[in-house]
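The structure appears right after this line, and notes come after that.
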Amino acid sequence: MPAPVHVLAAVSVRDEACLTNLTLLENDFGELAQGKVEPPRFDYIMMYGIISWISNETRAQIVQFLKRYLKPGGVVQVSYNAMIGCAQALPLQRC
């Protein structure tokens, strides 16, 4: 089965930029939490905009993933999507 378009696009950018230290994986959080993939442990993990739309089960898988792959003293940055302060401008996006 071919990789999804977003993975192929990321591979293309990585290869064009000659980023030899960037590994791209196509796995869900459950597979990662169970250790089905063994990437090196991370100093930094960034999660942008996923916490706000996933299930409690997936959040628990993320916690297991962090326990497994984050180095001691490592940093996790979590952001979430919110409409606060921008909701009144939303109709302008639809023009």
Of all residues in region 30-54, how many are surrounded by fewer than 13 Cβ atoms within 10 Å (Cβ to Cβ) and of a type in the set (Asp, Glu)?
2
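Residues checked against (1) among the hydroxyl-bearing types (Ser, Thr, Tyr); (2) within 27 Å of LYS67 (Cβ to Cβ); (3) in contact (Cβ under 8 Å) with a residue 40 or more places away in the chain:
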{"position": "ALA3", "(1), (2), (3)": "no, no, no"}
{"position": "ASP15", "(1), (2), (3)": "no, no, no"}
{"position": "THR20", "(1), (2), (3)": "yes, no, no"}
{"position": "GLU26", "(1), (2), (3)": "no, yes, no"}
{"position": "GLN34", "(1), (2), (3)": "no, yes, no"}
{"position": "PHE42", "(1), (2), (3)": "no, yes, no"}
{"position": "ASN56", "(1), (2), (3)": "no, yes, no"}
Quick check on my filter: what residues within region 11-29 are more than 13 Å from the chain's Cα centre (by Cα) and surrounded by 11 or more Cβ atoms within 10 Å (Cβ to Cβ)?
VAL11, VAL13, ARG14, ASP15, LEU19, LEU22
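Every number here is computed from the coordinates shown, using simple stated rules; none is lab data. Given the structure is predicted, the values throughout are model-derived calculations rather than measurements. Neighbour counts run over all protein chains shown; Cβ positions are idealised from the backbone, glycine included.
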